[in-house]
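Below: the structure, in structure tokens.
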Amino acid sequence: MLDSVIFNNNYFASPLIKAAAQQALPLFISTDSVAEVQEAVKTIAEAFGDVNVFLTIIAEDNIKSHEAEKKLTLSFQKNIRLLVQKTWVEKSNEDLKEEIQYRIDDFCKVFLEDDEINYQELLPICLSILHDTVLLLFGSMIDTDMFFEYAFRIDPDFGLFWYYVEEIRKAHPLSEEKSRFGMLLAMLFLSNF
């Protein structure tokens, strides 16, 4: 787990970020209770910038939930593609940059066109895309222990996002529902980034 010094220092994290990282995320990963999962998801979504989208996604109305998921997917696709396109990279990383854009489109196509989605199978694909996108932004530093602190220093919201991605990656495999929420929460953050 991330060094608690980061979360205990008010300079780095708001109470909401601390609650999401120290309470909601561990609860989301560990609990089997539907109610606890939904409460954890709400806290993480609020920390990621838009709890209202997730209230619609976790609602009982399947039509509204599906529509909200598609809308989130389109926003995510647009924003992450733009982020990747605008990122300056060394010539040696140009192929990776292009490959990531294709992978983003293929990943989002499943959400937009398939009626039957296997979220457990998609989660590792999503996490791989996120990892490689952040790799383009920050280089190989992302795979070092010091990157968490660096990420929290430059932007506590982004630090929480990267911490979230790494914790979800370590926890995989998750249930179908948790895999769905896990991906959609990551997509929520990047759709607002």
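The values are calculated or read from the model by the stated rules, or taken from the named source; none is laboratory data. A quick note: this is a predicted structure, and the numbers were derived from the prediction, not measured. Positions of Cβ are backbone-derived with ideal geometry, glycine not excepted, and every protein chain shown enters the neighbour counts.
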Legend entry - Top-ranked residue in region 1-45 [being in a helix (DSSP H, G or I) and hydroxyl-bearing (Ser, Thr, Tyr); ranked as modelled with the lowest pLDDT]: 4
Legend entry - Filter pass, residue 29 being buried (at least 21 other Cβ atoms within 10 Å of the Cβ) and under 20 Å from residue 170 (Cα atoms): no
Legend entry - Any chance residue 80 is surrounded by 14 or more Cβ atoms within 10 Å (Cβ to Cβ) and over 29 Å from residue 39 (Cβ atoms): no
Inset, instruction - Output yes when any residue across region 176-188 is at pLDDT 95 or above, surrounded by fewer than 17 Cβ atoms within 10 Å (Cβ to Cβ), among the hydroxyl-bearing types (Ser, Thr, Tyr) and within 26 Å of residue 37 (Cβ to Cβ), and no when none is. - result: no
